[in-house]
């Protein structure tokens, strides 16, 4: 049976068939220099609206098709994309039609977290490159499977943590490489942008025209509720990763990148995954339907070969004020100075809190999109390669959430990404089951 026919049946069947195929040289070389990369986008609203706009505005890309389960979200996005690229894309409800389209080079996944892994894996199996929003997955097992698919089929997979491609972060890392901070043992990330109370709305019928069964995907199919739909899905265990996986993944990854760079400036090896993870906090502020903590402190210890390092994350999503002058940010502290990384600047300080250097910048995703397109053509690793950057950053979020749920410190084996001697925590590394037909593909 051909791949086209498999995709019309179930995800699991599609994965089994595609996994046994071998990519040809022409598939690996898709998007060679001088050609516009043909893109299919999964999603039209929320983050997907911004991604559609950025890819359509890029002269080296063309959006061929958009898949969206909610027709109310299509009009605005279709108009914007058509205006920017001068050509109207096709609109589909089923994302598998994008994967099945041999004229499409790359899939852009701008969906809720629970819909990141399966499309990414299927696209890799079909010989397409992928840009997938952060975090890379809904859970650790899915992220591992995504990395395996990327490796086996030699795909370019960029996670949408766009700060990695900004001159703001790149210039900060160059400064850290000079050794100006000295010996760095501690890094910190924080989130204090105030969120709202989502209340306790009653279950209702899905909006007209919405394919709610497909929206649920591999997650359990529960009665429709506006709180478990657009925007608010991130606060529920079935679909999201809380604010730790929403905004925290950016701050943690910036702090990690800066700390690892500082370690290398000292002559050490790059950091990868922490050994110990301990979360403290809970849902202490908002009286609403959210399941994830609104107050959280997570400590990560990296057992570096020379000396351990500590990375901490602090979430106060009820606070109308910032820290170090940033509502959300990261910092690395050394014995000669420290650096503060915000969304629009970075500042380096020396002894006596003397400001040494300040560089402005932004966090727009346009450079990240361009980096992805460049790497499709060059076959080099992108700035937020899912294997070496995106997945490790996502594991920080998943492990922090798991520690909070079980209420104790976890010890992580960095090679297997399994928690040592903790069956309860390991049960949360994936799902009890992936709802049929959306079984997590084998690779």
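Throughout, read-outs are computed from the coordinates displayed, never taken from laboratory work. A quick note: this is a predicted structure, and the numbers were derived from the prediction, not measured. Positions of Cβ are backbone-derived with ideal geometry, glycine not excepted, and every protein chain shown enters the neighbour counts.
Once the chain from residue 408 to residue 324 is taken as fully extended at 0.36 nm per residue, the excess over their C-alpha distance is 27.3 nm. So if R0 is 56 Å, what FRET efficiency would residue 76 and residue 266 give, r being the distance between their Cβ atoms, rounded to the nearest 0.05? Efficiency, rounded to the nearest 0.05: 0.65. Cα centroid separation, the stretch 43-78 to the stretch 200-268: 20 Å. Taking 2.2 N^0.38 Å as the expected size of a compact globular protein, what ratio does the Cα radius of gyration of the stretch 307-443 give against it, to two decimals? Ratio of Rg to 2.2 N^0.38 Å for the stretch 307-443: 1.37.
Restricted to Cα atoms, the stretch 136-292 shows a radius of gyration and a Dmax of 19.6, 59 angstrom.
Taking the C-alpha atoms only, the angle from helix 366-378 to the longest principal axis of the chain is near 70 degrees. From its DSSP helices (H runs of at least four residues, each -39,500 (n - 2.57)), the chain gives a residue-normalised ellipticity at 222 nm of -9000 deg cm²/dmol. Under the simplified labelling scheme, the residue 381-residue 103 pair shows an inter-label distance of 3.5 nm, with each label point 7 Å from Cα along Cα→Cβ. The length gained by stretching the chain between residue 305 and residue 186 to full extension, at 0.36 nm per residue less their Cα-Cα distance, is 41.3 nm. Peptides 52-60, 193-201, ordered by how many other C-beta atoms sit within 10 Å of their residues on average, highest first, read 52-60, 193-201. Sorted from longest to shortest, the spans of the Cα atoms of the stretch 141-180 along the three principal axes equal 39, 20, 19 Å. The listed peptides 208-217, 97-106, ordered by packing as a protection proxy, come out as 97-106, 208-217 (highest mean of other Cβ atoms within 10 Å first). Considering only Cα atoms, the convex hull volume of the stretch 184-223 works out to 193 Å³ per residue. The ratio of the alpha-carbon radius of gyration of the chain to the globular-protein estimate 2.2 N^0.38 Å is 0.96.
Peptides 109-120, 253-264 ranked from most to least packed give 109-120, 253-264, packing being the mean of other C-beta atoms within 10 angstrom over each peptide's residues.
May I ask for the angle, rounded to the nearest 10°, between helix 248-265 and the longest principal axis of the chain, with both axes built from Cα atoms and the value confined to 0 to 90°? Result, in degrees: 50. Radius of gyration (Cα atoms) of the stretch 41-177, expressed as a multiple of 2.2 N^0.38 Å: 1.07.
Note on residue 275 and residue 226: with the Förster distance fixed at 56 Å, the Cβ-Cβ geometry gives a FRET efficiency of about 0.85. Taking the simple approach of a point 7 Å from Cα along Cα-to-Cβ for both residue 336 and residue 154, what is their distance in nm? Distance between the two pseudo-spin positions: 4.3 nm. Percent antiparallel among DSSP beta bridges with both residues in the chain, to the nearest 5? Here the share of antiparallel DSSP bridges comes out near 60 percent. Quick one: angle between helix 47-57 and the longest Cα principal axis of the chain, in degrees between 0 and 90, rounded to 10, please. Around 80 degrees separate the two axes. Projecting label points 7 angstrom from Cα along Cα→Cβ for residue 208 and residue 36 puts them 3.5 nm apart.
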